[in-house]
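Just so it is clear, none of the values below were taken in a lab; they were calculated from the coordinates. Given the structure is predicted, the values throughout are model-derived calculations rather than measurements. Cβ sites come from the backbone with ideal geometry, for glycine too, and all protein chains shown count toward neighbours.
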Amino acid sequence: MTEPSSAAPPADNKLDAGVIKIAVVVVLGAIMSILDTTVVAVAQNTFQTVFHTSASGAAWTATGYTLALAAVIPLSSWAAARFGTKKVYLTSLVLFVLGSVLCAFAWNIGSLVAFRMLQGAGGGMLMPVGMMILTRAAGPERVGSVMAVLGVPMLLGPIMGPILGGVLIEYVSWHWIFLINVPIGVLAFFYAAYVLDNDDETSRPPFDFIGLLLLSPGLAVFLFGVSSSNDAGTFLAAKVLIPMVIGALLIIAFIAHALRKGNHNPLIDLRLFRNKTLSWTVVTFSLFLIAFFGASLLFPQYFIGVRGESTLMAGLLVAPQGLGAMITMPVAGRMTDKIGPGKFVLAGIVLIAIGMGVFMFLGAGTSYWLLGAALFVQGLGMGMSMMPMMSAALATLSADKVADGSTLVNVVQQTAASIGTAIISVILASNLKSIGLPPTADKMAGAFGDTFIVAVVLIVVCLAPAFFLPRKKVSVHTDADGEPAAPVMMH
């Protein structure tokens, strides 16, 4: 193995000033993209009133955004290779900010949904391309540390989105849940233009049109079916099953196409799954996200629906989870680079199960101190597990495979998040329906507790695949075919 160049990471694996600047750029973009996935959740009633639409019509402001995300994420790897990460990232910022401005001035629900989809088209590439930029800048020796930085908006987005949305709608105007993106986006654009190096025309890979026609519509149609289960209250309704089956068939067709002998440039290189660490990480990450995003839906709904709290107060009551994550995430990131992710992921999952387990025994008057402590413990576990899982996948990939790995991780994240939200929503609706009328606070709390059992079981199941993650530092990073991979730095 050749000696590392002068661009190699320092021996102590600390992030230098150049990498930190790049991290700021990526975090600014991630904050906008992730917050906008959740911030409109608290504006649904407002949209119904302002635009004189139904609940299902207003829900399309969230569904349309999610479908646009799912459609463009698979393009990230090819676009980054063809045009360069800097150009793609700046273009994504422009589309996102433009969509935000147009959303603020929407004149009916149809225009708002259309502009939300434009937002999603920009936001869909911010996370995967940002991960590519950050991973390449740090090199494989410091992936854990940079993923810890990127993990802050990923973990806090589901918590802060409803709080921010509630404050802006209650004290300012619904327009500002979109306009607040403008100063952040403008700052991110000019800072990115200054900090990021030009890397255009690094290669000219042929475009996989067949892959695009299979995967992007497949993901979008599948997630449309999944999201329709919230309104239908079951996964067995035709409007849920039909798009899910069609989407799944398109995704299966893409898998066959991508793995076809002779296809050297698939839209996403699924041969990455030859890397066992990546494979076990994806399985663990999928189960983890299904439980995490599903439970994230339950916490505020319990505080609002059972305890009668406002949206703002519900968000604040969930805040201890974010505080716990912020404490352990930087430490776990640095230590993952030194001793591997396995031990932290296993310990984190156990802490999450303990914290979330308290919510299985919810009552109408359960102490807020107890629930806050449980959320704090759960946050400690999330900070220890989520980003080490992502770094476990990316740290073992060669430089030319980071783009595909980043895209793959983001496809998994978006799909698992939607599935988790849908599963928990359907189970909660069924449990609430079974308690009969009138729905007393104690019975409603019991229904929430029974739903949390499902989330806890999913978290515990994560222990099985997590057991196969590396529990020591990987001294030689290999690509999907087992070849050594050298660190890559950006200057």
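A few remarks follow.
- Ordered by the count of other Cβ atoms within 10 Å of each Cβ, fewest first, Arg274, Arg334 give Arg274, Arg334.
- Crossing angle, helix 143-171 versus the chain [Cα axis fit, 0-90 degrees, rounded to tens]: 30 degrees
- Ellipsoid fit via the Cα gyration tensor, segment 13-201: semi-axes of 31, 17, 13 Å, each the root of five times an eigenvalue, largest first.
- Based on Cα contacts under 8 Å between residues 6+ apart, segment 42-113 shows a relative contact order of 38 percent.
- Label corresponding to Kirkwood radius over Cα pairs in Å when calculated from the structure given, among (1) 22.8; (2) 25.3; (3) 26.0: (1)
- Cβ-based net charge around Gly372, under 14 Å, with every Lys or Arg adding one and every Asp or Glu removing one: 0
- Taking the C-alpha atoms only, the angle from helix 368-394 to the longest principal axis of the chain is near 30 degrees.
- Once the Cα atoms are used to define both axes, helix 17-38 deviates from the longest principal axis of the chain by about 30 degrees.
- Segment 209-264 - Rg and Dmax from Cα coordinates, angstrom: 13.1, 44
- Value of [θ]222 nm, deg cm²/dmol, for the chain, DSSP H segments ≥ 4, -39500 (n - 2.57) each, nearest 500: -25000 deg cm²/dmol
- Pairs of lysine residues in the chain that meet both criteria, 8 or more places apart or on different chains and Cα atoms under 14 Å apart, total 6.
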